[in-house]
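**Q** One structure, pasted below without further comment.
The values are calculated or read from the model by the stated rules, or taken from the named source; none is laboratory data. Since the model is a prediction, treat every value here as computed from it, not as a measurement. For neighbour counting, all protein chains shown are included, and Cβ atoms are generated from backbone atoms with ideal geometry for every residue, glycine included.
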Amino acid sequence: MTDAIMEVLAWVNYWINGLSANGSPLTGSLSSFMPDLYHYSNEIMTDVCLPVAYTVLAFFMVMEIYKIAVRAESMGTTGTMGVEAVFKAIVKLSLCKIAVESTALIMNAIYSASTYLTNGVAGVLGRETMGEGIALDTIQPIVDALGFWSKLIVLILCFVAFLVIFLAVVFANIIVIARFIELYAYFAVSPIPIATIPHEELSQIGKNFLKSFAAVSIQGMLLFMVLSFFPVIFNSGFLSTDGTDFYALLAQLSAILGYAIVLVLAVFMSSRWARSICSAA
């Protein structure tokens with residue numbers, strides 16, 4: 001049974017020290033994770049959503065000129081003031097048209113800003129000493145000295161900790177993939193909400209859209225931090241202290257299990273944290 005315990009602990013070490021590798025896709029560009037899907041979303045943006053966005057802008061242009069005409073008639077303004085108001089409306093909508101045409105550039109710029117932050121975090125954490133994880137050489141003599149039932153309890157704790165850590169890694173990978181799919185969906189439809197920005201009543205749609213996209217982008221940095229923090233915490237020395245008896249070993253294994261549960265919760269909470277940072281709905 002000792003061999004089984006040490007084998008499970010070795011796997012726990014392996015998965016924990018490999019957590020940061022699961023965040024490596026988060027340091028790349030939007031087009032590098034799934035190039036085909038990025039190309040597909042870009043085609044949807046260009047061929048489907050951009051014409052709709054131009055139609056929305058044209059409709060807003062007509063509505064804006066109509067409002068100016070009604071306002072000028074009700075207030076009895078001179079022709080010069082009416083022309084000035086129309087000119088301002090045309091300039092505003094022309095700038096919005098340029099923004100809609102540059103939607104891909106805007107969205108990639110927002111995502112690139114989050115990637116820059118993620119790479120900065122990666123650079124800082126890469127300079128830190130990760131440690132060696134669980135001190136297996138120290139633990140093995142303790143396990144050898146245990147009785148059958150004590151070994152069984154230790155084995156169960158080790159297996160539960162390993163299972164929780166494994167599930168955390170699986171969930172983290174699922175969330176990373178789901179995040180990129182969400183980003184590609186935002187990217188594809190982005191011209192339409194951006195086209196609503198010049199309209200006073202509907203401008204909040206475009207602003208909330210940009211906040212939501214920024215939040216999903218920032219989530220990548222938070223996920224990378226969570227996945228990188230956990231090995232640092234795990235190897236900080238608390239779990240590598242020299243246990244001298246069965247109870248000290250149980251305390252260490254309980255700490256591993258506790259940190260693993262916290263990891264799962266932190267992975268799931270990363271989206272809420274990102275939306276809170278960006279004040280997104």
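**Q** Condition (residue is in contact with a Phe, Trp or Tyr (Cβ under 6 Å, 6 or more places away or on another chain) and modelled with pLDDT under 80) applied to region 199-212: is it met by at least one residue? Spell out how you get there, then give the answer.
**A** As a first pass, look at region 199-212 and keep what is in contact with a Phe, Trp or Tyr (Cβ under 6 Å, 6 or more places away or on another chain): 199.
So of that shortlist, the ones also modelled with pLDDT under 80 come out as 199.
Yes, that holds for at least one residue.
**Q** Here is a check on your reading of the model: is E182 acidic (D, E) and in a helix (DSSP H, G or I)? Before you say what the answer is, go through the steps one by one.
**A** On the way: acidic (D, E): yes; in a helix (DSSP H, G or I): yes.
For E182, the condition - acidic (D, E) and in a helix (DSSP H, G or I) - is met.
Rundown of residues vs (1) closer than 23 Å to S112 by Cβ; (2) surrounded by fewer than 16 Cβ atoms within 10 Å (Cβ to Cβ); (3) modelled with pLDDT of 70 or more, yes/no style:
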site	(1), (2), (3)
M1	no, yes, yes
M6	no, no, yes
A10	no, yes, yes
G18	no, yes, no
H39	yes, yes, yes
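**Q** In addition: Kindly indicate the residue of region 185-214 that is without any contact (Cβ under 8 Å) to a residue 24 or more places away in the chain and assigned to a helix (DSSP H, G or I) and also farthest from L263 (Cα to Cα) among those meeting that condition.
**A** Taking region 185-214 first, the residues without any contact (Cβ under 8 Å) to a residue 24 or more places away in the chain are 193, 200-207, 209.
After this cut, where a residue has to be assigned to a helix (DSSP H, G or I) as well, the list is 193, 203-207, 209.
On the way: P193: 35, S203: 38, Q204: 35, I205: 34, G206: 34, K207: 32, F209: 29 Å.
Per the stated criteria, the residue is S203.
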